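One structure below.
The values are calculated or read from the model by the stated rules, or taken from the named source; none is laboratory data. In this text, all values refer to a predicted model and were calculated from it rather than measured experimentally. No Cβ is skipped: glycine too gets one built from the backbone with ideal geometry, and neighbour counts run over all protein chains shown. Ligands, DNA and RNA are excluded from the accessible area calculation, which covers all protein heavy atoms including side chains. Shrake-Rupley method; radii C 1.70, N 1.55, O 1.52, S 1.80 Å.
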Amino acid sequence: MPDNQHSAINVFKTFLKLGLTSFGGPTAHIGYFRKELIEKQHWVNEHQFSQLLAISQFLPGPASSQLGFTMGLLRAGWLGAIAAFIAFTLPSALLLISFAAVLPMLTNNIGMATIHGLKLVAVCVVADAVLGMAKKLCPDVIRRIIAVLAAATLLWMNTSWAQMLVIIAGGLMGLLFCKNAIGTEQHVIQSRYSKKFGLSLLIIFLLLLLMAVFANNQAGLMAIAQAFYQAGALVFGGGHVVLPLLEEAVVNTGWLSHETFLAGYGAAQAIPGPMFSFSAYLGALIPTTEKISWLGACVALVSIFLPGFLLITATLPIWESIASNPKAAHSIAGINAAVVGILAATLYNPIFSSSVIHVYDLFICAMGLAALAIWRVSPLYVVVWCVVASMVPIYMS
């Protein structure tokens, strides 16, 4: 895969499309990524994608954005990684700042139906991803059992720490029971840089975290950078899990009111792209020298994503070294199966349980899933279908 400007431009175009159309939150993003980057463009194979996903789930930070960042890195080097981040994040960041102003207008029936329809899109996309990954990554009884146990464990425990435990347990079960797993030679992730460089990135992450924890900035851009870097570095599970940390950072400190915070959170539910883009909305409104601070938005946005990116890029060469060992194939097979279970559990709770309320919703999701899995249409058409279909009861009442 060439590391040049043209491939980075292609990465930017691909992730800009994803940034504009990936509704439904972090887990749904994985489904969008899989359909676009594996099924359509063949950037990596199913096994490599699952390994990257497992690493992203295991580390602190925004899992879907970390996955996108590393996909861009593997495709076109560091320029590709930056292109993937900007393209995937910028649309949601800009929309959030603008969308908060019109949020009260979405309290009518049409607005609520639109938001509900976007939730149903997530059900379709994640269900399609689970089915596709299960077919490739759980081809035998043992791995299906691992996936089922992983899903059951997460539905029972339902904590971000449980995801880490499930991945570790999946690796151990794979090591013991997946003796027939294929070799790893064709599935090893090539990190493109040395373990020494990866260690340097880890040191940078730790130094910045120490500065964020112990610095005493009360206001200004440095205070914003400190608060958002700490939130991004200490959150496991990403997405909605980061909200309590952000609320503590901006509401409890008196920077923003609780009502302003909730208004931005409500807006974040109705747009595509990463939930961590919520930081741009907060950074823009935190009092600095201007009423709306674009510089504050940029500082908050970069600061909350940076620790996750540093961690996952520091981990890649270590993972490459481990995965290159032929004996690691058994463990990786178990991890892949556990990832399928993680996605299946998330599909049910919170995505399905909070979105499918009526039998009509189930019909909308079934048609959307059929469009993706059987008719192989673009997810964008599924977005249109779910939103339009969700508005039908309004006009029939």
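What are the ³J(HN,Hα) values, in whole Hz, obtained from phi via the Karplus relation 6.51 cos²θ - 1.76 cosθ + 1.60 with θ = phi - 60°, for each residue of the range 150-159 in sequence order, with x given for Gly and Pro?
Along the range 150-159, the couplings run 4, 5, 5, 4, 5, 5, 7, 8, 6, 10 Hz.
If I compute mean projected area of the Cα convex hull in nm² from the structure I just sent, which labelled value in (1) 20.8; (2) 24.9; (3) 19.4 lines up?
(3)
State the percentage of accessible surface on the chain attributable to carbon and sulfur atoms; use a 1.4 Å probe and exclude ligands, DNA and RNA.
Exposed carbon and sulfur together represent 70 percent of the surface.
Cα-Cα over 26 Å: which of 13/35; 13/135; 40/135; 135/196; 35/195; 40/179?
Beyond 26 Å: 13/135; 135/196; 35/195; 40/179.
Could you sort 85, 278 by their accessible area in this structure, using a 1.4 Å probe and putting the largest first?
Values: 85 40, 278 0 Å².
Reading off the accessible areas and sorting them downward yields 85, 278.
Can you put 358, 116, 258 in order of accessible area, largest first, using a 1.4 Å probe? Could the numbers behind the result be given before it?
On the way: 358 120, 116 40, 258 75 Å².
Greatest to least solvent exposure: 358, 258, 116.
Compute the accessible area per residue over the chain, keeping the other protein chains in place, probe 1.4 Å, unit Å².
I get 44 Å² per residue for this part.
Mind putting a number on the dipole of the range 33-134 about its Cα centre? Charges go on the C-beta only, +1 for Lys and Arg and -1 for Asp and Glu, and I need it in Debye to the nearest 20.
So the dipole magnitude of the range 33-134 works out to roughly 80 debye.
Just how large is the dipole of the chain about the Cα centre, in debye to the nearest 20, putting +1 at every Lys and Arg Cβ and -1 at every Asp and Glu Cβ? List each step's numbers first, then the result.
Details: 18 positive and 13 negative charges, 162 e Å.
That gives a dipole near 780 debye.
Suppose only helical runs count, i.e. DSSP H with n ≥ 4. What mean residue ellipticity at 222 nm does that imply for the chain under -39500 (n - 2.57) per run, divided by all residues and rounded to the nearest 500 deg cm²/dmol?
For the chain, the value works out to -24500 deg cm²/dmol.
Could you pull the accessible area for residue 34 with a 1.4 Å probe, rounded to 10 Å²?
Rounded to the nearest 10, that gives 10 Å².
Compute, for residue 13, the solvent-accessible surface of its heavy atoms (probe 1.4 Å) with the complete set of protein chains present, and express it in square angstrom to the nearest 10.
Solvent-accessible area, nearest 10 Å²: 130 Å².
What accessible area, in Å² to the nearest ten, does a 1.4 Å probe give for residue 388?
Accessible surface of residue 388 is approximately 80 Å².
Go through 385, 161, 319, 43 and list them by solvent-accessible area, largest first, probe radius 1.4 Å.
Sorted descending by solvent-accessible area, the residues read 161, 385, 319, 43.
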